[in-house]
Amino acid sequence: DIQMTQSPSSLSASVGDRVTITCRASQSISNYLNWYQQKPGKAPKLLIYAASSLQSGVPSRFSGSGSGTDFTLTISSLQPEDFATYYCQQSYSTPLNFGGGTRVEIK
Amino acid sequence: QVQLQQSGPGLVKPSQTLSLTCVISGDSVSSNSAAWNWIRQSPSRGLEWLGRTYYRSKWYNEYAVSVRSRISINPDTSKNQFSLQLDSVTPEDTAVYYCAYASGSPGAFNIWGQGTMVTVSS
């Protein structure tokens, strides 16, 4: 199985800050890496697929990069609605594992 | 636009079977480019993919090892829906259960159901 490790597990940031979340796969997954945002009581929402492709309707302040084993989600200027938990997920092979999540909190 | 609507009981007794259904609108369960997934989320296990069913000239099922002996995911083409059955549940199966749709490559979960909180308790 491919294990997904996210860091940090939580962070505090202010509106307008640039935020970076990292995700590492236990083996190469090419670009089969997806990012989700989840708010309390809601289902996860797809933000980025194939490591760097922005899902339709997602603001351009979200971006993704990386390939192989190391990936990054960047929020260029944090907005109030971005305070949430973010998950990476590999779709290279089953089981389709998720990272443990990064909670983005208001400083 | 694909939409998923989940239904099923929120309380299941230990040793019984958990059964949930996900009704699809906007695509066909028999689509050759879609996969239909079940995922659960709990504080102890995080987001856990349970399995999927998909049609590529014939039906395929893939399951997580952690539940492989107890799980069944079945398409129903007459009702355009798919279901989850999880046998012999224990309190550790208490979680929010989601159905999710993945289309094409690279198979990201781009549409999710609303989630069903299932509690396993007597």
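The share of Cα pairs per 10 Å bin across chain B, counted from zero up to the longest distance, runs 14, 49, 30, 7, 0 percent. With the cut-off at under 18 Å, measuring from each backbone N in segment A:39-72 to a point 7 Å along the Cα-to-Cβ line of A:Arg18 picks out A:60-66, A:71-72.
Rounded to the nearest 5, the antiparallel percentage of DSSP beta bridges internal to chain A is 90%. Of all beta bridges that DSSP places with both ends in the protein assembly as shown, some 90 percent have antiparallel geometry. Legend: calculated FRET efficiency, B:Ser19 to A:Ser9, from the Cβ-Cβ distance at R0 = 41 Å, rounded to 0.05, equals 0.75. Remark: spin-label model distance B:Trp59-A:Phe83 equals 4.7 nm, labels positioned 7 Å along the Cα→Cβ axis. Size descriptors for the protein assembly as shown: radius of gyration and Dmax over Cα atoms are 17.4, 52 Å. Exceedance of the 28 Å cut-off in Cα-Cα distance is limited, within the set A:Lys39/B:Lys58; A:Lys45/B:Lys13; A:Lys42/A:Lys107; A:Lys42/B:Lys58; A:Lys39/B:Lys79, to A:Lys39/B:Lys58; A:Lys45/B:Lys13; A:Lys42/B:Lys58; A:Lys39/B:Lys79.
Values in this text are rule-based calculations from the coordinates and carry no lab data. Source: prediction; values computed, not measured. Cβ coordinates were reconstructed from backbone atoms using ideal geometry, including for glycine residues, and neighbour counts include every protein chain displayed.
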